[in-house]
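**Student:** Quick one: this structure, given as C-alpha cells, is what I'll be asking you about.
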Amino acid sequence: MKPYLTAVAALLMSGVAHAADVIDVHRDANCGCCKDWIKYLEANGFEVRDHVESDMPAVKQRLGVVPRLARAIPG
C-alpha cells in the first residue's frame, strides 16, 4: 500500500509543479518594468498570461492585495 501512496503523491506533486509554470501578470499598459518581468519569466520557461489593466488600484483590491504590498515594486 505504501508504494501506491508514494506514486499517487508523486503524481499529485507533478501536477502542482506544472500548474505553477503559469503566471498571471496584471499590469498597466505603460509599465516597462512589468514588460521586462514578463520577458524574464518567459525566457525562464514560464507561461505568462498578460492582463493589461486600466485601473490597477481596483484590480489590486479585487484580488485582495493588502495595501502594504500594493506598490508596483514592493520594497
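The values are calculated or read from the model by the stated rules, or taken from the named source; none is laboratory data. For clarity, every value in this text was computed on a predicted model and none was experimentally measured. Every residue, glycine as well, gets a Cβ built from its backbone with ideal geometry; the counts of neighbours run over all protein chains shown.
**Student:** Within the range 32-75, track down each residue that is in contact with a helix residue (DSSP H, G or I) (Cβ under 7 Å, 6 or more places away or on another chain) and acidic (Asp, Glu).
**Tutor:** Asp50, Glu53
**Student:** Show the residue pairs that are 6+ apart or on different chains and have beta-carbon atoms under 7 Å apart, the first residue being within the range 55-70 and under 17 Å from Val25 (Cβ atoms), the second being part of a helix (DSSP H, G or I).
**Tutor:** The qualifying pairs are Ala70/Lys60.
**Student:** Further question: Any residue in the range 31-54 that's touching a residue at least 60 places away in the same chain (Cβ under 8 Å): show its pairings with residues that are surrounded by 10 or more Cβ atoms within 10 Å (Cβ to Cβ) at Cβ separation under 8 Å, as long as the two are six or more apart or on different chains.
**Tutor:** Correct list of pairs: empty, since none qualify.
**Student:** May I pose another question? Does Val8 satisfy the criteria of being assigned to a helix (DSSP H, G or I), surrounded by fewer than 10 Cβ atoms within 10 Å (Cβ to Cβ) and at pLDDT below 85?
**Tutor:** For Val8, the condition - assigned to a helix (DSSP H, G or I), surrounded by fewer than 10 Cβ atoms within 10 Å (Cβ to Cβ) and at pLDDT below 85 - is not met.
**Student:** For the range 33-58, which residues satisfy the criterion of being of a type in the set (Asp, Glu) and surrounded by 11 or more Cβ atoms within 10 Å (Cβ to Cβ)? Give the derivation first.
**Tutor:** Taking the range 33-58 and keeping what is of a type in the set (Asp, Glu), we get 36, 42, 47, 50, 53, 55.
Across the range 33-58, the qualifying residues are Glu42, Asp50, Glu53.
**Student:** So in the range 23-32, with the set limited to residues that are surrounded by fewer than 11 Cβ atoms within 10 Å (Cβ to Cβ) and not small (Gly, Ala, Ser), which one is farthest from Asp55 (Cα to Cα)?
**Tutor:** Asp24
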